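Supplied in structure tokens, the structure appears directly below.
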Amino acid sequence: MEYRLITKYLSEAASEAEVAKIFQWIEASPNNKEAFMEIKKIWALGTKGDADIEKAWYEIQERLSIMSRRRKRTNVLKYAAVFIGLVAGAYVWLFQEPAENPGLIIEDSAVVLSTGDNTSEKLNVNSEQNFATQGGKVFATQIGNKIVYKTNESMKELVYNEIKVPHGKTFQLVLSDGSLVHLNSGTSMKFPVNFLPDQERKVFLDGEAYFEVARDEKRPFLVEANDIDVQVLGTHFNVSSYKGTEPFAVLVEGSVSVSDNHQEENSGASQVIVPGQKASLTSNGFAVEEVDVNDYLEWRQGRLIFNNESFQEIVYKIERRYNVEISNAYTELDPIKFNGKFGNETIIDLLDTFKESAGFDYYIEDNKVIINQPN
């Protein structure tokens, strides 16, 4: 197997036929599977130079040959560490088969919709159903992991619904104006069942969401997200406003105005950003920087990305993504910043991989993950 074909696959540039060829080769022998996992680790650690990949490939083959003769299986991450000097950052993006762990039970919490008549309903994300007024008029339809609200010109006053997405899940809403909202885990949003003519379109967000706002020159769209407000006419942007974390907005296309609504002395202070910029609300006002917007959007595809984030922030992300509770007794790690990319790993896969670069031990007790300093 050519190592270049594997790196082509890791770059998501391989054709269906090439992907099939790779997986046939992987299944042909345990050594091939080990070699494939090794090259993924090295690729994930940040190596992009062709010469480095080729060198790493032959190193792996030699080591695997020795392992086979000794009939001894060791942790592949120890070998990947040999090449850490070749890379600029410690990135991990693995696609491993799910592994069960009997010591940690992940609760399957439900998405909850609260309607204007003060009733709440747990949603089965695998079902389809209609939501109707007491008079029997359908105002929204659920299709799996999405609810689509209908325009109702007969409504003359604002009636609000609220959606709560638990840790471990994501959800989508299409609002009555056609705007699409992707809701991240641990997020709630309050929104009108129907926007009224000649009034601003306003929603209330606690958590993180990606908005694809339908353009309407007469009705600006406003997101009130804890400490910040984001106002637009029609655009695509991401807002994060989890309690206890620094709120920010990232613009993908269009133009938005971000305002500080937290402190009275700063109330009304705003910052306009352009596509590719991130505005974060700090103690000194808004900090604006150029970013790769994809790093802030891939949560919609179930990917977990750490982009120069503190260990404390990373722990919060892991808790929300996997619906687990983590207690970090190794507090010296909290301010240290890491980079990382994870795909479809289980929580155990992620912890086992991440602890190698972060340098911690962990155990599970009373269905809680405890992180400790290594002995």
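The values are calculated or read from the model by the stated rules, or taken from the named source; none is laboratory data. Owing to the predicted nature of the structure, the values given are computational and were not obtained by experimental measurement. Methodologically, a virtual Cβ is constructed for each residue, glycine included, from the backbone with ideal geometry; neighbour enumeration extends over all protein chains shown. Side chains included, ligands, DNA and RNA excluded: accessible areas come from the protein's heavy atoms. Shrake-Rupley method; radii C 1.70, N 1.55, O 1.52, S 1.80 Å.
Could you grab the pairs with beta carbons closer than 7 Å, sequence gap of 6+ or different chains, first residue in segment 198-225 and touching a residue at least 12 places away in the same chain (Cβ under 8 Å) and in a strand (DSSP E or B), second one aromatic (F, W, Y) and surrounded by fewer than 18 Cβ atoms within 10 Å (Cβ to Cβ)?
E224/F204
Being in contact with a helix residue (DSSP H, G or I) (Cβ under 7 Å, 6 or more places away or on another chain), closer than 24 Å to I163 by Cα and in contact (Cβ under 8 Å) with a residue 24 or more places away in the chain narrows it down to one residue among N238, N261; which is it?
N238
Here is a check on your reading of the model: is E313 open to solvent by 30 Å² or more (accessible area, probe 1.4 Å), out of contact with any Asp or Glu (no Cβ under 8 Å at 6 or more places or on another chain), touching a residue at least 24 places away in the same chain (Cβ under 8 Å) and farther than 19 Å from K341 by Cα?
In short, no.
Still on this structure, I have one more. What's the number of the only condition in (1) open to solvent by 30 Å² or more (accessible area, probe 1.4 Å); (2) under 16 Å from the mean Cα position of the chain (by Cα) that T282 fails to meet?
Tallying (1) open to solvent by 30 Å² or more (accessible area, probe 1.4 Å); (2) under 16 Å from the mean Cα position of the chain (by Cα), T282 fails exactly one: (2).
What number of residues within segment 17-26 satisfy the criterion of being within 19 Å of G343 (Cβ to Cβ) and open to solvent by 60 Å² or more (accessible area, probe 1.4 Å)?
1
Do we have N367 as open to solvent by 30 Å² or more (accessible area, probe 1.4 Å) and under 17 Å from G168 (Cα atoms) here?
yes
Residues checked against (1) over 23 Å from L104 (Cα atoms); (2) in a strand (DSSP E or B):
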| residue | (1), (2) |
| --- | --- |
| V288 | yes, yes |
| D295 | yes, no |
| N308 | yes, yes |
| I318 | no, no |
| P335 | yes, no |
| I348 | no, no |
| T353 | no, no |
| I364 | no, yes |
| V369 | no, yes |
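State all residues of segment 135-183 that are assigned to a strand (DSSP E or B) and either more than 26 Å from S109 (Cβ to Cβ) or among the β-branched types (V, I, T) (or both); if no residue qualifies, say none.
V138, T141, I143, I147, V148, I163, V165, V174, V181
Among the residues in segment 325-343, are any open to solvent by 20 Å² or more (accessible area, probe 1.4 Å), more than 20 Å from T245 (Cβ to Cβ) and among the aliphatic types (A, V, I, L, M)?
Checked against the condition, which is being open to solvent by 20 Å² or more (accessible area, probe 1.4 Å), more than 20 Å from T245 (Cβ to Cβ) and among the aliphatic types (A, V, I, L, M), segment 325-343 yields at least one hit.
Follow-up. Filter segment 262-280 down to the residues that are farther than 15 Å from Y296 by Cα, polar (S, T, N, Q) and modelled with pLDDT of 80 or more and list them by number.
S270, Q271
What number of residues in segment 162-175 are closer than 27 Å to P197 by Cβ and surrounded by fewer than 21 Cβ atoms within 10 Å (Cβ to Cβ)?
Total satisfying the criteria: 4.
Tell me which residues, restricted to segment 105-118, are under 16 Å from K190 (Cα atoms) and either surrounded by 14 or more Cβ atoms within 10 Å (Cβ to Cβ) or among the basic types (K, R) (or both).
Listed by number, the residues that qualify are V111, V112, L113, S114, T115, G116.
Could you grab me the full set of residues in segment 119-134 that are open to solvent by 80 Å² or more (accessible area, probe 1.4 Å) and part of a loop (DSSP other than H, G, I, E, B)?
Listed by number, the residues that qualify are N124, N126, Q134.
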